[in-house]
Structures are given as C-alpha cells and as structure tokens.
Amino acid sequence: MKIRNKRAGGKVPTGRIVKDVVQRIMERTQVPNTYQLGEVCQILVKDNPELRCKAGCWGIVSAVNEFSCTVRMWDGEYAVGLQHLKSYNYLPAECQQMQVICDRISRVYSGGLEESVQRFLESLGKLNRAYLMDLEEKVLKVLESEIRDYRIKIEAVSTSTI
C-alpha cells in the first residue's frame, strides 16, 4: 500500500513527515504519563539518533511532563520521550540506591578524565542492577578519593597564586 499526502507533494512521504504525523496522533490520544519522580528507567534508542550514545543506559526521572520525562543521568539531564523509556520497576529502596550511585558517578565524571576512567564510569551507567559489585564499589571509591585529592590540590594552587 502506498501512502501519499499533501505535505509530501503527492509523493511518498519522508520519514520525517511520517514521524511528525505519528507524533501528532500520539499527542491527540493522550496516553497518560505513568512515570514517577525518582523512578529508574532504561533509555531505548529506537528511531532517535540523538539517544544513540545513551543506548541501554539508566536514568532517574527528575521531572514528569505530558509526553516526556526529564531524566537525570551521570553526565546531565535529558528530556526523553515516553516511547524511549522503559521502567526497571525497582522498589523504592532500589531507586534510592540508584540515586546514590548516580550522585557518586556525577561527582567524579568529567570530560577531562582519562578515556579508560570515563568508559568505566559510563559502564556503571549501563548496569542492569540496583547495586555495585564489590570490585566496582572499590574502584569507584578510589576514583572519588583521587578526584577529591586532585580538586583540593587545584584549589590550593589557585588560592596560593592570588
């Protein structure tokens, strides 16, 4: 079956036109947003190339909107459409644990880190469980300590040159 519309000038519509029409239909049907603040969700890329680098990552819902959620991840907050979220259905205590892990990763993560350290932290952002294994916990503690010591040294140098 061939589909043609006015926006496509009588030709087969582009993917963008189809996506826009589908989005408008979804908005008209108004499927309720059932996500809750603090809920842990997985990012699903589907047909959104902007989310490609976040495929399989988890995030924590920090704002619930009509057709999207703002999701906090280790490297910032992102507005994500409902079709790109999948709840892990964690218990409240597990969601709280994930919040702690997210906070810890966020304090350490920065673009200036060595690539292997960045990749380790990013891999923690893809865990499919609400806890760290012993070795992951130890490595994260070492990174937290090193980053804290490094920041103290930088502050000391910057205040001594004033």
Legend entry - Ala79 paired with Leu37, simple spin-label distance in nm, labels 7 Å along Cα-to-beta-carbon: 2.0 nm
Inset, instruction - With unit charges on the beta carbon (Lys/Arg positive, Asp/Glu negative), name the residue among Thr34, Pro92, Ile152 whose Cα is farthest towards the positive pole of the charge dipole of the chain. - result: Thr34
Inset, instruction - Provide the solvent-accessible area of Thr14, counting protein heavy atoms only and rolling a 1.4 Å probe, rounded to the nearest 10 Å². - result: 80 Å²
Legend entry - Gained length - Ser123 relative to Ala63, 0.36 nm times residue gap less alpha-carbon distance: 19.2 nm
Legend entry - Most mobile listed residue (Val100, Val45, Val18) in the chain, GNM with C-alpha springs under 10 Å: Val18
Legend entry - Lys/Arg +1, Asp/Glu -1 at C-beta; region 13-162 dipole; positive extreme among Ser106, Val64, Gly125: Val64
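Calculate, for Asp134 and Ser158, the FRET efficiency according to 1/(1 + (r/R0)^6) with r their C-beta to C-beta distance and R0 35 Å; round to the nearest 0.05.
Details: r = 37 Å, r/R0 = 1.04.
Efficiency, from the Cβ-Cβ distance: 0.45.
Accessible area per residue, 1.4 Å probe, Å², for the chain: what's the number?
Working: 10790 Å² over 162 residues.
For the chain, the per-residue accessible area is 67 Å².
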Legend entry - Lys pairs under 17 Å by Cα in the chain, provided they are eight or more residues apart or on distinct chains: 11
Inset, instruction - Using a 1.4 angstrom probe on the protein heavy atoms only, line up Met133, Met73 by accessible area, largest first. - result: Met133, Met73
Legend entry - In order through region 92-103: 3J(HN,Hα) via Karplus (6.51 cos²θ - 1.76 cosθ + 1.60), integer Hz, x for Gly, Pro: x, 5, 5, 4, 5, 4, 5, 4, 4, 4, 4, 4
Legend entry - Residue of Lys46, Lys86, Lys11 that the Gaussian network model of the chain assigns the largest fluctuation, springs spanning Cα pairs under 10 Å: Lys11
Legend entry - Residue with peak Gaussian network fluctuation, the chain [Cα springs, cutoff 10 Å], from Arg72, Arg16, Arg104: Arg16
Legend entry - Simple label model, 7 Å out from Cα along Cβ direction - Val22 to Asn48, nm: 1.3 nm
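The values are calculated or read from the model by the stated rules, or taken from the named source; none is laboratory data. All figures in this text were calculated on a predicted structure; none of them were measured in a lab. So basically every Cβ, Gly included, is an ideal-geometry build from the backbone, and we count neighbours across all protein chains shown. Side chains are part of the model used for accessible areas, which takes the heavy atoms of the whole protein and leaves out ligands, DNA and RNA. Shrake-Rupley method; radii C 1.70, N 1.55, O 1.52, S 1.80 Å.
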